[in-house]
Every structure is written in structure tokens, then in C-alpha cells.
Amino acid sequence: MFFAFALLTLAGALAMLLQKNVIEAGLAMALSFFGVAGLFILLANPVAGALQIIVYAGAILVLVLFVIMLLNAHEEEKAETARPFQRWVGAAVAGVLGLALVRLVFTSPAVAKLAAVQPTQSAMTLEKVGEAMFQQHLLSFEVVGLLLLAAMIGAVTLTKKDL
């Protein structure tokens, strides 16, 4: 199951990067969010998985797609000149760096130590999430909401001059 959810997450992220249409890229991002939610469920944390779907796939993705559609930014500008050599060199460098990073992570002694550690905390519940969000992090929760609202208003104001 882990490999299925990891493949779903990576496929969604890769599809998001390779899309020319921003609406389709946003929908591919939703696929990636569902894969991450599945990984949370496999980690025996269904609350984080549900919050991943509700908050990210539900609220944040809808907000992003709403702003994209509102701004009418569907069309991708054409590149002035084709540069196939730079594209292939860039892809090769990114692939080599990615493989080096994967090798570095898997040969790290920290990964071996992490695999040997047994979890001691109790499972996360909705009650704990609610208490943490509305007691300890209420101000930051409200500030993030205002920041998202201001960013959306600013984006609309910058692009729609004739309002």
C-alpha cells in the first residue's frame, strides 16, 4: 500500500509539473494531495489524512483554482526560441542531482536510527487537533486566513484594472 500511495503522490506531482494548462495542473495537485492523505492513513494517523483532504484538497485547492479561473490565466505564453540542448542538459542535471539526493538519504545513518525508533506517542485525535488549533494557535490561524484573503484581493486588483 505504501508504494501505491507514494506512486500516486509522485505521479500527481510530476503531472502537475509537466502540464501546460494551469487548471489541469491544479487537478493533478489534487491527486498528489490524495496520495499524501493515504500516506498519513498508513502512518496510523487518520485525523491528519482527513485534514489533508479537507484542508488541502478541499479548501486550498479550491481557492487556488478559483483564483486561476477568476484571473483567466489559462493560456500559457509561447517560448520565444526553442532550446533543446539546454532542456536536455537541465533534465540530465536534475536527474543526477535527484539520484544523488536519494542515495544520500538512503545511506544516511539517521535513516537507520529512525527505522529502529518505536513510536511512543498516542494517536492524534480530533479533540487534540481542535484544542491545539483553537487554544495554542488561534492567532496564527486567523492571520493565515487574512493573509490568504489579502493575497486573493491583491491578485484580482493587479489583473483586473477595469473593476
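On the basis of the beta-carbon distance and an R0 of 30 Å, L146 and T125 show a calculated FRET efficiency of 0.60. Label-to-label distance for R103 and R87 is 2.8 nm, based on points extended 7 Å past Cα in the beta-carbon direction.
If you wrap a convex hull around the alpha carbons of the chain, what volume per residue comes out, as a whole number of Å³? Could you put the intermediate results ahead of the total?
Working: hull volume 26.9 nm³, N = 163.
In the chain, the Cα convex hull volume per residue is 165 Å³.
Segment A44..M133, full-extension length gain: 30.0 nm, with 0.36 nm per residue of separation and the alpha-carbon distance subtracted.
Shape of the stretch 19-68 from the C-alpha gyration tensor: oblate (a/c of 1.5 or more and a/b not above b/c, with a ≥ b ≥ c the square roots of its eigenvalues).
Readers should treat all values here as calculations from the given coordinates under stated rules, not as data from a laboratory. Note that the structure is a prediction, hence the values are computed from the model and not measured. Counting neighbours? That spans all protein chains shown, and the Cβs are built from the backbone with ideal geometry, glycine included.
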